[in-house]
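First up is the structure itself, then whatever we jot down about it.
The values are calculated or read from the model by the stated rules, or taken from the named source; none is laboratory data. Note that the coordinates shown come from a computational prediction; the quantities given were computed from them, not determined experimentally. Here Cβ is always computed from backbone atoms with ideal geometry, including for glycine, and neighbour counts include all displayed protein chains. For the accessible areas, the whole protein counts, side chains as well, though only heavy atoms, and no ligand, DNA or RNA atoms are used. Shrake-Rupley method; radii C 1.70, N 1.55, O 1.52, S 1.80 Å.
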Amino acid sequence: ETRAACLKEDWCDAVFETPEEAVKKADFIILCPPVSVIHPLLEAIIPHVEKGTILTDVGSTKQAICNSAKKVANDRFEFIGSHPMAGSDKSGMEFADEKLFEKGTCFVTPQDNSQEAIETVSKFWETVGMNVSIATPEEHDTIVAHVSHLPHLTAVSLCSLLAKKGNEWKEHSGPGLKDTTRVAGGSPDMWLDIIEQNKKPILDVIASLKTELSELEGFIKNNSREDIEKMLHRARDFRRSCD
């Protein structure tokens with residue numbers, strides 16, 4: 001149904017019934033399924049990939065994906081991981097946004113790749129409006145655990161807590177709750193895969209947040225107004241610097 005709908009759009013040149021068909025004669029391939037599917041998909045298409053082909057992906061984790069790609073790599077293709085830091089809590093073609101990638105960051109995570117392949121992948125993301133940041137897969141997973149995975153899981157925890165309260169409570173909330181928890185509306189299936197593949201960095205950053213919350217809890221218990229004020233100012237300054 002999705003392929004048929006795509007074919008009706010003027011921006012779609014062709015659709016294929018199988019991934020194996022789709023990659024024939026391609027010189028640049030982008031794998032865009034959930035992270036748990038990328039490795040089996042890669043294994044399935046390898047016999048059908050033309051020599052000299054460059055492959056990348058859009059997965060939210062990189063270490064597991066890049067390491068598994070390295071295990072099946074051969075001299076016919078090069079795989080370089082990518083992660084465009086763009087998206088929303090909505091999914092499906094009806095929510096497509098032509099400006100989705102503009103001015104966003106895209107991680108490119110090479111492992112023993114040729115400079116030509118790195119430049120090809122980087123140039124692709126720059127062409128659609130992104131700022132490319134080169135990192136190792138390990139560096140990437142640590143960074144996104146802090147700036148992407150933790151915010152999502154914090155919003156999930158807050159929504160889970162409120163879901164256990166009276167249903168009418170949310171009727172009394174202001175826009176702040178919606179702003180804070182928007183990302184919790186994302187796909188549970190996608191996030192299950194992300195958590196599984198980036199488990200250690202996520203656990204490390206959850207521990208860091210617990211330490212920060214414990215520190216704030218201590219300040220409140222001890223009526224440490226000055227310390228609370230410092231934390232509020234530090235948080236406010238950081239948030240404003242993100243705009």
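For the chain, divide the Cα radius of gyration by the Kirkwood radius and give the resulting Rg/Rh value with two decimals. Ratio of gyration radius to Kirkwood radius for the chain: 1.03. List the lysines whose alpha-carbon lies under 26 Å from that of residue 70, not counting same-chain residues fewer than 8 positions away? The reachable lysines, counting only those whose Cα sits under 26 Å from residue 70, are 24, 25, 51, 62, 123, 199, 200. For region 58-215, the residue among 160, 180, 83 whose Cα projects farthest onto the positive side of the dipole built from Cβ charges is 160. Here the relative contact order of the chain, from alpha carbon pairs under 8 Å that lie six or more residues apart, stands at 15 percent. Reported value for region 73-201: 148 Å³ per residue, from the convex hull of its C-alpha atoms.
Quick check: from the Cα gyration tensor, does region 1-116 come out rounded (a/c under 1.5), prolate or oblate? Oblate, since a/c reaches 1.5 and b/c is not below a/b.
Comparing 124, 101, 16 in a Gaussian network model of the chain where C-alpha atoms under 10 Å apart are linked, the largest mean-square fluctuation is found at 16. Ligands, DNA and RNA are left out, and with a 1.4 angstrom probe the accessible area of region 101-243 is 70 Å² per residue.
To the nearest 10, the accessible area of residue 212 is 80 Å² with a 1.4 Å probe.
Measuring with a 1.4 angstrom probe and ignoring ligands and nucleic acids, residue 196 comes out at about 150 Å² accessible.
Within the accessible surface of region 103-243, defined with a 1.4 Å probe on protein heavy atoms only, the carbon and sulfur portion equals 56 percent. Counting only heavy atoms of the protein chains and using a 1.4 Å probe, residue 82 has close to 0 Å² of accessible surface.
At a probe radius of 1.4 angstrom, the accessible area of region 9-89 per residue rounds to 51 square angstrom. Angle of helix 63-72 to the longest C-alpha principal axis of the chain, folded into 0 to 90 degrees and rounded to 10: 20°. Between helix 35-45 and the chain there is an angle of about 0 degrees, using the helix long axis and the longest principal axis of the Cα atoms. The C-alpha atoms of the chain define a longest principal axis, and helix 225-241 lies at about 30 degrees to it.
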